[in-house]
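Chemist: Sending over a structure as structure tokens; questions will come in a sec.
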Amino acid sequence: MLSDRNIIEFNLLQSLPLPENFKSGQFDTNDLKAQDLYSEFDQVLQKGIAQTKDMSLLEDVGPRITKLKFGSVELETPIFMPVGTVGSVKSLSPEDVYSIGYRLILGNTYHLNLRPGMELMREFGGLHEFMRWPGAILTDSGGFQVMSLAKIRKLTEEGATFANHINGAKITLTPENVVKIQEDIDSDIQMVLDECTPYPATHAEALSSMERSMRWAKRARMARNKLNRAQFGIVQGGMYGDLRVQSIKQLVENDFEGYAIGGLSVGESKREMRRLLSATMPWMPKFKPRYLMGVGAPDDLIDAIMLGIDMFDCVMPTRNARNGSVFVRQAASANGKIQIKNAIHRTSKLPLDSECKCYTCQNYSRAYLRHLFVAEELLVFRLLSIHNLQFLFDLTFEMRESIRAGTIFSSLPSIRRKYAPGSV
């Protein structure tokens with residue numbers, strides 16, 4: 001299927017610096033504040049982590065378009081990546097996901113290693129062939145499970161040992177064997193094993209966690225055998241901007257093909273997330289992909305794209321769909337959401353969103369979708385998931401085209417109102 005895949009090819013097509021009036025707060029929302037870029041930089045300057053000459057890095061913060069190429073698979077960012085944890089985007093076929101326009105999805109190393117296991121994965125030549133996915137695949141390393149499964153794991157310098165949640169057997173993830181597992185999966189982008197710092201954490205706890213992740217990242221870089229696949233380092237540091245700057249500086253020494261921001265969307269407020277992004281983004285390498293892990297709410301995507309993030313993933317769109325929660329444009333709902341089980345939709349002949357071109361909105365009424373949900377018919381999970389993924393695809397497409405046209409700053413208020421009306 002993708003036998004001609006090579007290491008990721010990356011090109012920065014267009015990068016727009018934030019305009020001077022950004023500093024005045026003209027583009028502020030309740031969560032994103034222009035002043036954070038400068039106040040966070042001043043803090044690392046005062047701590048001796050930055051120098052005055054580094055202020056030029058602030059000029060590179062802003063929305064951008066990049067091109068990623070994996071052999072015959074090409075895509076432009078900003079993009080959202082649907083999550084297919086165990087080799088399936090829940091309730092959807094690979095054809096469903098591909099038909100929306102997605103060319104890059106995410107799988108999870110921890111879960112795939114447990115089931116179906118690497119012996120079967122090797123027999124099929126990797127996950128692409130196993131699930132018949134013609135696009136590219138990014139695999140998470142299991143670092144999130146290091147945090148989320150803390151009650152059933154033991155953490156040492158060597159790695160993380162878990163009690164297998166399926167049968168209780170012990171499984172150990174190390175930086176080295178995680179590389180080997182991902183090479184068996186044959187993912188196009190492989191994430192290094194990291195310790196996702198829990199929230200909340202003290203500065204000392206976050207420092208210790210970050211430094212372990214940096215040591216693991218170096219070990220992972222040295223462990224690679226398939227040098228024609230991309231490997232991304234992961235920035236950690238908890239809720240502390242100075243630690244995240246130190247993390248980036250250490251990661252860059254390993255010259256990864258791309259860099260991810262981890263440890264956000266773990267319980268902190270949206271305001272706190274924006275502050276940490278502002279602290280981090282000036283230091284992210286300009287000519288490498290930038291990936292914000294585990295983030296997928298429309299307002300989060302909009303603000304992060306404005307700060308220069310290229311890639312996102314999150315279970316939110318499909319998980320919300322299974323709970324009957326639907327993203328819609330402002331014209332369909334004043335707060336940008338619909339709960340399909342609500343009685344108001346019982347006789348509605350309207351689509352979920354009259355401006356949406358997805359398969360669901362082009363063919364089915366709210367009344368029928370509500371009926372399926374109330375009757376617990378499995379079809380509704382597929383139909384609502386298709387719509388939610390189409391919504392995020394359209395959002396990133398519209399922002400990308402506005403960046404390409406150079407109109408993103410003038411069109412940003414209307415994009416916010418259209419796709420995330422409840423956040424402004």
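Chemist: Does segment 282-290 contain at least one residue that is crowded, with 21+ Cβ neighbours inside 10 Å, under 18 Å from the mean Cα position of the chain (by Cα) and not charged (D, E, K, R)?
Modeler: yes
Chemist: When segment 98-144 is examined, which residues are found to be open to solvent by less than 50 Å² (accessible area, probe 1.4 Å), within 17 Å of P317 (Cα to Cα) and of a type in the set (F, W, Y)?
Modeler: The one that is open to solvent by less than 50 Å² (accessible area, probe 1.4 Å), within 17 Å of P317 (Cα to Cα) and of a type in the set (F, W, Y): Y102.
Chemist: Tell me the residue from I309, I305 that is on the phi < 0 side of the Ramachandran plot, in contact (Cβ under 8 Å) with a residue 40 or more places away in the chain, assigned to a loop (DSSP other than H, G, I, E, B) and open to solvent by less than 70 Å² (accessible area, probe 1.4 Å), please.
Modeler: The conditions single out I309.
Chemist: Separate question: Return the residue satisfying two criteria in turn: it lies in segment 332-386 and is among the small types (G, A, S) and out of contact with any helix residue (DSSP H, G or I) (no Cβ under 7 Å at 6 or more places or on another chain), and of such residues it is farthest from P298 (Cα to Cα).
Modeler: Top of the filtered list is A375.
Chemist: Same structure, new question: Within segment 331-352, identify whether any single residue is open to solvent by 10 Å² or more (accessible area, probe 1.4 Å), touching a Phe, Trp or Tyr at 6+ places or on another chain (Cβ under 6 Å) and not polar (S, T, N, Q), and answer yes or no.
Modeler: Yes, segment 331-352 contains at least one residue that is open to solvent by 10 Å² or more (accessible area, probe 1.4 Å), touching a Phe, Trp or Tyr at 6+ places or on another chain (Cβ under 6 Å) and not polar (S, T, N, Q).
Chemist: It is to be established whether one or more residues within segment 261-278 are touching a helix residue (DSSP H, G or I) at 6+ places or on another chain (Cβ under 9 Å), surrounded by fewer than 23 Cβ atoms within 10 Å (Cβ to Cβ), over 30 Å from L13 (Cα atoms) and β-branched (V, I, T).
Modeler: Within segment 261-278 (the criterion being touching a helix residue (DSSP H, G or I) at 6+ places or on another chain (Cβ under 9 Å), surrounded by fewer than 23 Cβ atoms within 10 Å (Cβ to Cβ), over 30 Å from L13 (Cα atoms) and β-branched (V, I, T)), the answer is yes, since at least one residue qualifies.
Chemist: Since N164 meets every condition but one in (1) closer than 25 Å to F312 by Cβ; (2) open to solvent by 10 Å² or more (accessible area, probe 1.4 Å); (3) not aromatic (F, W, Y), which condition does it not meet?
Modeler: (1)
Chemist: Next question. With respect to the numbered conditions (1) outside any helix (DSSP H, G or I); (2) closer than 25 Å to P17 by Cβ; (3) not polar (S, T, N, Q), which one is the sole condition not fulfilled by L352?
Modeler: The failed condition is (2).
Chemist: Of all the residues that make up segment 209-234, how many are part of a helix (DSSP H, G or I) and open to solvent by less than 60 Å² (accessible area, probe 1.4 Å)?
Modeler: Number satisfying all stated conditions: 10.
Chemist: Oh, and also: Out of K33, K90, which single residue is part of a loop (DSSP other than H, G, I, E, B), over 30 Å from E183 (Cα atoms) and not aliphatic (A, V, I, L, M)?
Modeler: K33
Chemist: Could you list, in sequence order, all residues of segment 382-417 that are farther than 21 Å from G308 by Cβ and open to solvent by 60 Å² or more (accessible area, probe 1.4 Å)?
Modeler: Passing the criteria: R382, R417.
Chemist: List every residue pair whose Cβ atoms sit under 8 Å apart, with the two residues 6 or more apart in sequence or on different chains, where the first one lies in segment 274-289 and is among the aromatic types (F, W, Y) and the second, anywhere, is at pLDDT 95 or above.
Modeler: Pairs found: W283/L57; W283/R244; W283/V245; W283/I248; W283/K249; F287/F10; F287/L12.
Chemist: Do we find that I261 is under 22 Å from the mean Cα position of the chain (by Cα) and in contact (Cβ under 8 Å) with a residue 12 or more places away in the chain in this structure?
Modeler: Taking the combined requirement at face value, the residue satisfies it.
Chemist: Let me ask something else. Checking L127 against (1) touching a helix residue (DSSP H, G or I) at 6+ places or on another chain (Cβ under 8 Å); (2) modelled with pLDDT under 95: exactly one of these is not met. Which one?
Modeler: (2)
Chemist: Continuing with the same structure: When you go through K67, K53 one by one, which is the residue that is part of a strand (DSSP E or B) and open to solvent by 40 Å² or more (accessible area, probe 1.4 Å)?
Modeler: So the residue among K67, K53 that is part of a strand (DSSP E or B) and open to solvent by 40 Å² or more (accessible area, probe 1.4 Å) is K67.
Chemist: Let me ask another. Can you spot a residue in segment 162-177 that is among the polar types (S, T, N, Q), in contact with a helix residue (DSSP H, G or I) (Cβ under 7 Å, 6 or more places away or on another chain) and assigned to a helix (DSSP H, G or I)?
Modeler: No: zero hits.
Chemist: From T52, T29, T77, grab the single residue that is modelled with pLDDT of 95 or more and touching a Ser or Thr at 6+ places or on another chain (Cβ under 9 Å).
Modeler: Residue meeting the stated conditions: T77.
Chemist: What do you reckon, is S278 among the hydroxyl-bearing types (S, T, Y) and part of a loop (DSSP other than H, G, I, E, B)?
Modeler: Considered against the rule, which asks whether it is among the hydroxyl-bearing types (S, T, Y) and part of a loop (DSSP other than H, G, I, E, B), S278 comes out as no.
Chemist: Which one of these is open to solvent by 30 Å² or more (accessible area, probe 1.4 Å) and touching a residue at least 24 places away in the same chain (Cβ under 8 Å): E59, E95, E40?
Modeler: On inspection, the qualifying residue turns out to be E59.
Chemist: Going through segment 353-376 one residue at a time, which ones are in contact (Cβ under 8 Å) with a residue 40 or more places away in the chain and either in contact with a Lys or Arg (Cβ under 8 Å, 6 or more places away or on another chain) or exposed (fewer than 15 other Cβ atoms within 10 Å of the Cβ) (or both)?
Modeler: F373 - this is the single residue of segment 353-376 that is in contact (Cβ under 8 Å) with a residue 40 or more places away in the chain and either in contact with a Lys or Arg (Cβ under 8 Å, 6 or more places away or on another chain) or exposed (fewer than 15 other Cβ atoms within 10 Å of the Cβ) (or both).
The values are calculated or read from the model by the stated rules, or taken from the named source; none is laboratory data. This one's a predicted model, so the numbers in the text were calculated from it and none came from an experiment. Using ideal geometry, Cβ is built from the backbone for each residue, glycine included, and neighbour counts are taken over all protein chains shown. With ligands, DNA and RNA removed, areas are computed over all heavy atoms of the protein, side chains included. Shrake-Rupley method; radii C 1.70, N 1.55, O 1.52, S 1.80 Å.
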